[in-house]
Structures are given as C-alpha cells and as structure tokens.
Amino acid sequence: MTKTKSQKVYDYIEGLVISGEKKPGERLPSEAKLGEILNVSRVSVRAGIEKLSAIGLVTKRKGGGTYVNQPKNENYLSVFTPTLLHNTDYLELMEVRRALDALSVQLCAQHVIAGEKKRLGRIITRMEELEEEDDFFELDKKFHLLVSKYSRNRFLHNVHIIIWDVLQKTLRPKYAIVTKDSLAENIAHHKRIYDAIIHRDVDLARIYTVHHLEKVIDNFKCVYNEAYRAEKDKAQKKGT
C-alpha cells in the first residue's frame, strides 16, 4: 500500500519520538523544514501534524511551532495504536500475546484477591452459558484484560489494552474465523486457567495459558496457511 504524503509526515515524526531523537517538551522542525526533509508540501505537513495532535502525541502552539507532548503514564503507549492498526500481522501479535499472557497470568496468580477471583469467575460462568452462535470475543477480551490488571503491573496491563484494541479494530475477522469452530475448547481452556489462578498455582496457570495460545496459533496456521504464506512472501519481496 502506497503511503499518502501526510502519512509519510506522521510516520517520520512518530519515528523521531519513538527513537528518542525528539523528547517530550522539545520543538519539532518547522513545517518548511519538514517539507524539505520529506519532499512534501506544507499542506501535507500540516495534515500529518494534525493527525498526531489528534492522538495527543504533539501540540501545535499558535505562532510558536509544534512540540512533543509530555505523556501521561496511563496513555503513553496508546498514542502509537494508530500505527499498529495498519502494520500488525495476526500471527506476530499472537506470538507476542503468548509471551505476555504467560507473564500476566503468573503475576495474577500471585497477587489476585478474593473479590477479583469472583469477578473472573463470573466471566467464566457467562462463557459457559454461551451458545455456539454467540460472540466469544468480548468475554475473552474481558477475561484476559482482568488477568493483566490483576497482575499489578500497570505497564504490562497497558500493553494488553493496546493488543486487544488492535485485535478488535483490525484483526477481529481473523479472530472470528480461527475461533468459530472451537467455542467449547476455548471455554475449557479458560476454565483451566481460572482454576489455576484461584488456587494460586503459578506454574500451572502459565502452562495452561501458553497451551491455549499455542492452540490458537496452530488453528490460525491451519486456516490461513497457504494464503498467509503467499501474503507474507509478497510483503517481503516488496520490502527488498
């Protein structure tokens, strides 16, 4: 997909912030300078900056240039979600989830308290009441986000929020196809994870979580194997 000129500006400035070349509070190059660097018009520069301003990454001061915002702890990572929405591969995301969910569930099993166990239990009960044609996604999302919240690691929880945001906004059709014929199996997996959590069995909670996500990844590979490989090969050839 060919980038628009405003997207080129967006990606360039975002790259400056991610790399640390431009830090919170620092001023960005002028619109004229950015246009010269990227070989685009000032209209395109302004459009790119407007997108970044809309997600809170920068602030444009009237007559005073554009500055990188000082992020708030709770939403620092979320400013990069728009980039992830059009750059994320489902299999790569699930491989990351396998690692992060294993850590979340270990910490959750260590720290979870009685009231939190009950809340997780209510989600499991709702899962068990689902019919085959019902949408499993929302309960799946709630369960895993609560597990990450109860890990007591805010950074880890914020990463999980972004992962599920990307899954919901751009990868949900693939999620639906991969999980549609395995509702009972998915519910059983979550029940085992929940049981390990409430018994504070850290090792078993991690093992069940990794097993669950490996099954999801295997299902994906089976469903999308040929199409996925062809798409991946095409993308790699474009990049060379």
I'd like the full set of residues that are part of a helix (DSSP H, G or I), in contact (Cβ under 8 Å) with a residue 12 or more places away in the chain and of a type outside the set (A, V, I, L, M), limited to the stretch 181-202. Glu185, Asn186, His189, His190, Lys191, Arg192, Tyr194
Could you tell me which of the residues Lys174, Lys149 is charged (D, E, K, R), in contact (Cβ under 8 Å) with a residue 40 or more places away in the chain and assigned by TED's automatic domain parsing to the domain that holds Leu93? Lys174
Within the stretch 125-137, identify whether any single residue is without any contact (Cβ under 8 Å) to a residue 40 or more places away in the chain, more than 27 Å from Leu91 (Cβ to Cβ) and surrounded by 16 or more Cβ atoms within 10 Å (Cβ to Cβ), and answer yes or no. no
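The values are calculated or read from the model by the stated rules, or taken from the named source; none is laboratory data. Predicted model only: the values in this text are computed from it and were never measured. Positions of Cβ are backbone-derived with ideal geometry, glycine not excepted, and every protein chain shown enters the neighbour counts.
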